[in-house]
Amino acid sequence: MAAARRFHGPSDLHLHSVHSDGTESAATVMAAAHRRGLGTVALTDHDTTSGWAEAAEAAASLHVTLIPGMEMSAKHEWRSVHILAYLFDPDDAGLRAELDLIRGDRRGRAKRIVANIGRDYPLTWEDVVAQTGDDATIGRPHIADALIARGIVRDRAEAFEGILHPREGYYEGHYAPAVETAVPLIVAAGGVPIIAHPSTAGRARMMPVALLEHLIGVGLAGFEIDHRENTEAGKVILRRLAAEHDLIVTGSSDYHGLGKPNQPGENTTTDEMVARIIDRGTGSAPVYP
Ligand code: AMP
Ligand code: FE
Ligand code: FE
Ligand code: ZN
């Protein structure tokens, strides 16, 4: 083992704030995690690091260790793939340029979706802006919140099952780099890339094992296995692959405040795996209390 461990568990390394599609401020997310008894957490907003400073301050005052993180948008063919990135340099030029592209296109894409919906429902771009934090990475959850505010749907789940579902015809995709590009970008920024919820059911079903093995070859560090959306069959394959390649495996909640039923600490990551992430990340440091 490297340095003595300065963090303590339980650890939940996947939580969202209003800097992307969570419903709570970064400080409130830290407080929610602390209330649930967590000792170490990562803030992983989509495609942004803008919540790090507020999270660090709040975590320190709660005696919680913060692992700076992000959930980066990527794609494989037409499928959306999410990559959790930990302890990377937030000022790395290559990564920043890519994140700017993603966030910029997410905005244009959200406008296109709203225009599509606006043909059939009373929904405007201003309604969505009103639901979105100033510097937030915008996503369909913000459109869902605008639909709720208009009384068109009851909650985010209903919006995703209906109007926001691709089959309804309003959906538009957004730019994201191929996974083969995103993983090395995170590594080059000193970060630790771990595929988020790799085996969800349906459209985003698992990437082929040969591709996962290619990604391991270019620096993929591991898989988020204990996540409520991973299928049991997928977990079996992922556990086998992780053992074979000595990968990091994590468990986490994917907390979004009131935006999803997921609660902080509903899945956790072992101390051994947290230590491996800390040892491997060189672009930024954990924030210890
Ligand atoms: P987008 O990246 O803009 O296409 O939106 C996907 C985001 O919506 C993901 O980050 C999820 O957190 C969120 N999401 C997906 N399905 C649901 C759901 N049924 N209820 C609430 N949030 C969801
Ligand atoms: Fe999300
Ligand atoms: Fe995700
Ligand atoms: Zn997430």
>> Among the residues in the stretch 204-212, are any away from ligand 4 (no atom under 16 Å from the Cβ), on the phi < 0 side of the Ramachandran plot, surrounded by 21 or more Cβ atoms within 10 Å (Cβ to Cβ) and touching a residue at least 60 places away in the same chain (Cβ under 8 Å)?
In response: no
> Quick check: is even one residue across the stretch 222-234 in contact (Cβ under 8 Å) with a residue 60 or more places away in the chain and of a type in the set (D, E, K, R)?
Replying inline: yes
>> Which count do you get for residues in the stretch 123-161 that are within 16 Å of ligand 3 (Cβ to nearest atom) and over 21 Å from the mean Cα position of the chain (by Cα)?
In response: 0
>> Can you tell me which residue is farthest from residue 197 (Cα to Cα) among those in the stretch 271-286 that are under 19 Å from the mean Cα position of the chain (by Cα) and of a type outside the set (Gly, Ala, Ser)?
In response: 286
> Can you tell me which residues in the stretch 250-263 are within 15 Å of ligand 1 (Cβ to nearest atom) and not hydroxyl-bearing (Ser, Thr, Tyr)?
Replying inline: 254, 256, 257, 258, 259, 260, 261, 262, 263
> Across the stretch 22-58, what is the total count of residues that are within 14 Å of ligand 1 (Cβ to nearest atom) and more than 21 Å from residue 268 (Cα to Cα)?
Replying inline: 3
>> Show me the helices (runs of 4 or more DSSP H) found entirely inside the stretch 120-174 where at least 3 residues are surrounded by 14 or more Cβ atoms within 10 Å (Cβ to Cβ) and away from ligand 4 (no atom under 16 Å from the Cβ).
In response: 125-129, 140-149
> Out of the stretch 268-289, which residues are in contact with a Lys or Arg (Cβ under 7 Å, 6 or more places away or on another chain) and assigned to a loop (DSSP other than H, G, I, E, B)?
Replying inline: 288
>> Considering only residues that are within 17 Å of the chain's Cα centre (by Cα) and among the aromatic types (Phe, Trp, Tyr), which ones fall in the stretch 162-195?
In response: 175
>> Every residue in the stretch 42-81 that is away from ligand 2 (no atom under 16 Å from the Cβ), touching a residue at least 60 places away in the same chain (Cβ under 8 Å) and under 15 Å from the mean Cα position of the chain (by Cα), please.
In response: 67, 68
>> Is it the case, given these coordinates, that residue 244 is acidic (Asp, Glu), buried (at least 16 other Cβ atoms within 10 Å of the Cβ) and modelled with pLDDT of 95 or more?
In response: no
> Just for the stretch 82-99: of the residues that are more than 15 Å from residue 14 (Cβ to Cβ) and touching a residue at least 12 places away in the same chain (Cβ under 8 Å), which one is surrounded by the fewest Cβ atoms within 10 Å (Cβ to Cβ)?
Replying inline: 94
>> Can you go through 193, 261 and tell me which one is assigned to a loop (DSSP other than H, G, I, E, B) and either without any contact (Cβ under 8 Å) to a residue 12 or more places away in the chain or closer than 25 Å to residue 33 by Cα (or both)?
In response: 261
>> Here is a list: 53, 33, 42. Which entry is in a strand (DSSP E or B), within 28 Å of residue 130 (Cα to Cα) and hydrophobic (A, V, I, L, M, F, W, C)?
In response: 42
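The values are calculated or read from the model by the stated rules, or taken from the named source; none is laboratory data. These numbers come from a predicted model, not from an experiment. All Cβ positions, glycine included, derive from the backbone under ideal geometry; neighbour counts span all protein chains shown.
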